[in-house]
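What follows draws every value from the coordinates through simple rules; no lab data is involved. Fair warning: this is a prediction, and the values are worked out from it, not measured in the lab. No Cβ is skipped: glycine too gets one built from the backbone with ideal geometry, and neighbour counts run over all protein chains shown.
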Amino acid sequence: MNRRTAHRWLRVLRTPMGRTAAALVLVVLVLAVVGPAPWNARADAVDTANILAGPSAQHWAGTDNLGRDIAFRVLEATRLSVGLALAATAIGVVAGLLLGTAPWLLGRRLGRLVTGAVQIAIAFPGLLLALFFAVVFGVGATGAALAIGLAGAPTFARLVQTLLAGVAARDFVAAARIAGVGRLRILVRHLLPNIAEPLVVNATIGAGGALLAFAGLSFLGLGVQAPSYDWGRLLYDGIGVLYVNPAAAIAPALAVLVAGLALNLLGESVAKGFGMDALVGLPASASPSPAAAAGPAQPAAERPADDAPDDVVLDVRDLTVSFPAAAGPIRPVRGVTFSIRRGEAVGVVGESGSGKSLTALAVSRLVDAAGRVDADRLHLLGTDLREGDSAAQRRLLGSSLAMVFQDPASSFNPTQRIGRQLAETSRHHHGLGRRAAFARAVDRLRAVRITDPDRRARQYPHEFSGGMRQRAMIGMGLMGSPALIVADEPTTALDVTVQRQVLDLLTAIRTSDAVALLLISHDVAVVSEVCDRVLVMYAGRIVEDLPTDRLTTGALHPYTRALTAAVPRMDSPLDRPLPVIPGRPVDPADVPPGCAYAARCPLASQRCRDEDPPLARHPSGHRVACWHARPEPAHAEAVRPASVVEAS
Amino acid sequence: MSELLFEDVTVRYGRLTAVDGVTLRVPAGGVLGLVGESGSGKSTLARAAVGLVPPAGGRILLDGEPVRAHGRHRPLQMVFQDPYSSLDPRMTIGETITEAIPPGMSRAQRRTEVARLLELVHLDPGRASAYPGQLSGGQRQRVALARAIAGRPRVVIADEITSALDVSIQGAILNLVRELQRELGLSILFISHNLAVVRYVADHVAIMLRGRVVEQGPAARVLSEPGHEYTRALLDAVPGHRLTARSAT
């Protein structure tokens, strides 16, 4: 178990439910292991003078038909009840593991046979199987344990199969096979450790189920036989005298309830603790405040649209996105200021973690609930997007802003036809009727150059190729009359030839309808194809804002120059290594004082390490945040070789 | 140094013919760049070579002998596209690399070997005990390269190894591939959809379209005088034309 796993178990124990459930399970287990000794004698002590007595100070739950103390008998029965439940679970888990892993070990043909058998077994209700096995193995504790265990095996086997199939498809398994590692070894080393957690959780919940099933079988007389007794058996005895002494039935019932509940709750809270992994690093105590809060200096509704020049589509000032974390908030976006004019194409480039995607999400108000978006100004077409979530704001975002994501495969609902998904936008935001909306969808598909749009609109997303899905996604954005398209790595998942088509399409839409474009990419080359202006981001800040045609010759920031030089081109010299950027990008949780790029920068001086350079207007016209930005482009060219460190 | 030869190889998935009678040669000690769009069959061809999918027809020969796809020591190793999925998250990178080292070494020898391999890919040997989750994408891809070399392969297949990485890291991995190829005299089948990337590492190029090879030859010739229409389309699609055009003037 590595540290992360240990950490997750600890996290389970930190929740109130997890702690309670764990404590209860511990009590039950301790009772089962050490419990019986002191009570053994009293539980079996026959007292004929005191038969079928009600609860009293001496006998808390009364006595049975031989005058034996029921409370002690219930405690005494803990060992057998829990022991049998665990034994049944163990049988189920082992049988399930064998059946579940068999397809992997046996190869395709035999494996399919096993899978089929398991599926047939699953079709039978568990209790029916248990009753069947109980008859086969004979009435008694052993038979019941085998019955309940084997009845649980098919479900467990299927879980194992499903989880295995998921992990087995990963490349590291293929890599191990290519390295010549045998199937059994791969199973033990790679597959089982990666599915262990859900299996443990399931086995825990299964143990609770087995406990209940056992009580049921014993109660029906198919489980533990006298003179042995478990909780189910005691319940059976107690029901008979229910009108004489209700406590005789209630006491074992309570025991079953508590133990069963403890195991189930523990399983559930473990499952929850592990499932919460998506939110790693965000402690539950942090208050999830949605996008809100303006700078104190500028009340929200202060400035109407006419303050900005008429053709500004998006105006962002001092945008910050932060996420709560144990060691204080992490700020992946730290004060970003830019604006986009009507019909302008602006690219945002940077490495992973530079905050470029979060900037886009903040503009579209899609930062998830844990994140906090602050800005001095965040205006789309003159409307303040910072506060509130009014219908008007939603309509504005829905019709004036189009969003295109990286993965076209996951941005459509696979169960609905493309045309209907496009039409939904129009019906929702523009109140069009069903037929009119569909006609518009077909028209928009045509606009994004999808051939035979009438037929295509009636198809499902899986019938579209990746490039076509991405075009349909853009078409969806065009259902309204957007003033701004925000495209986050729209071509990263596509082939070069398809990438070219999508970029051409974006350019065409932009020029024909004067739609502004905010294109986010890690690839300077892609951005330079489409955009007029490029914002270079590093560690959550814009470090340079320059016209695209200055990228190769007039860039002033050493990072911009390094980023441009790192792209392999059709004319890069083949006899030299490609230029690379040394070091690693900054971790948003640990941003150094001074210029964030200083550690990787060949020009860095003491001032760079101490003082963060502001993004300032440069004599050449564009904005740059660097203490070493030279006024003359020629000068910049002179330092260029030094800024690009040759590969080791 | 070994030569890998695909001779009229066909691979089918059910009714779909993914690779259709492909003949290709990875020259001994050379790099063959295989270019094509997704679905063109280039990755399937790679998987057939390492025995992950059985070919329906044709032969795959290593120095004239059929490739062994069973047993402990495999002469072909592969590096995958996604370094986040190709390393077992539960194993340290040292364990991952050790697993690929051919048997017959003592524990101490294996440890030295892991350190040597990590140094070869420019990672700190002290990080052998790190888990993949603690490494960046570029570092993981270096580990994947180290694992491939650990098996002492005669041919390495690199399947889109830089397309999941940031452009800023891509260059470093490409440099590393070139360096390893020269130092170890490896024969490499280098698969990519980006011609600018392939041009940088490969001396021969083959272009695949819908399961067939439509053009192949020396990289310099294919990229400067493309013979097939599709090759020209690929060349046109390389991003950065504006960058290139401007720096050329």
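Listed values, structure above:
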| quantity | calculated |
| --- | --- |
| Protection proxy ranking of A:434-445, B:3-14 - average other beta-carbon atoms within 10 Å, highest first | A:434-445, B:3-14 |
| Projected label distance in nm at A:SER410 and B:ARG68, using a 7 Å step from Cα toward the beta-carbon | 4.2 nm |
| Pairwise FRET efficiency - A:GLN58 versus A:ASP452, Cβ, R0 = 60 Å, nearest 0.05 | 0.10 |
| Mean Cβ neighbour count within 10 Å, used as a protection proxy, ranking A:211-217, A:487-493 highest first | A:211-217, A:487-493 |
| Length added when fully stretched, A:SER390-A:ARG185, from 0.36 nm per residue minus Cα-Cα | 68.0 nm |
| Potential extension, B:HIS228-B:GLU183 segment - 0.36 nm per residue separation minus Cα distance | 12.8 nm |
| Most positive-pole-ward Cα, A:ALA215, A:GLY100, A:PRO573, against dipole of chain A from beta carbon charges | A:GLY100 |
| Segment B:132-138 - phi-based ³J(HN,Hα) in whole Hz, Karplus 6.51/-1.76/1.60, Gly and Pro as x | x, x, 8, 10, 7, x, x |
| Contact order relative to length of segment A:78-197, as percent, for alpha carbon pairs under 8 angstrom and 6 or more apart | 32 percent |
| Whole-angstrom gap from segment A:168-241 to segment A:407-485, using each part's C-alpha centre | 47 Å |
| For A:589-599, mean number of other protein chain Cβ atoms within 10 Å | 0 |
| Residue exposure sequence - B:VAL79, A:VAL244, B:VAL177 - by fewest surrounding Cβ within 10 Å | A:VAL244, B:VAL177, B:VAL79 |
| FRET E, pair A:ASP311, A:THR511, Förster distance 25 Å, beta-carbon r, rounded to 0.05 | 0.95 |
| Neighbouring partner chain Cβ atoms per residue of B:160-167, average, 10 Å criterion | 4 |
| Computed over chain B: relative contact order in percent, which uses C-alpha pairs under 8 Å that are six or more apart | 27 percent |
| Most to least packed among A:225-236, A:613-624, A:358-369 [average Cβ atoms within 10 Å] | A:225-236, A:358-369, A:613-624 |
| Using alpha-carbon coordinates, inclination of helix A:108-123 to the longest axis of chain A, degrees | 60 degrees |
| Inter-chain shielding of B:91-100 (mean C-beta neighbours from other protein chains, 10 Å cut-off) | 3 |
| Three-way shape label, chain B, alpha-carbon gyration tensor, a/c 1.5 | oblate |
| Simple spin-label estimate for A:ALA23 and A:LEU105 in nanometres, 7 Å along Cα-Cβ | 4.3 nm |
| Cut-off under 5 Å, modelled amide H: who pairs with A:ILE542 long-range | A:THR337 |
| Amide H within-cut-off set for A:ARG533, under 5 Å, with H built and near neighbours excluded | A:ALA345, A:GLY347, A:THR548 |
| Where labels lie 7 Å past Cα in the beta-carbon direction, separation of B:GLU95 and A:PHE124 in nm | 3.9 nm |
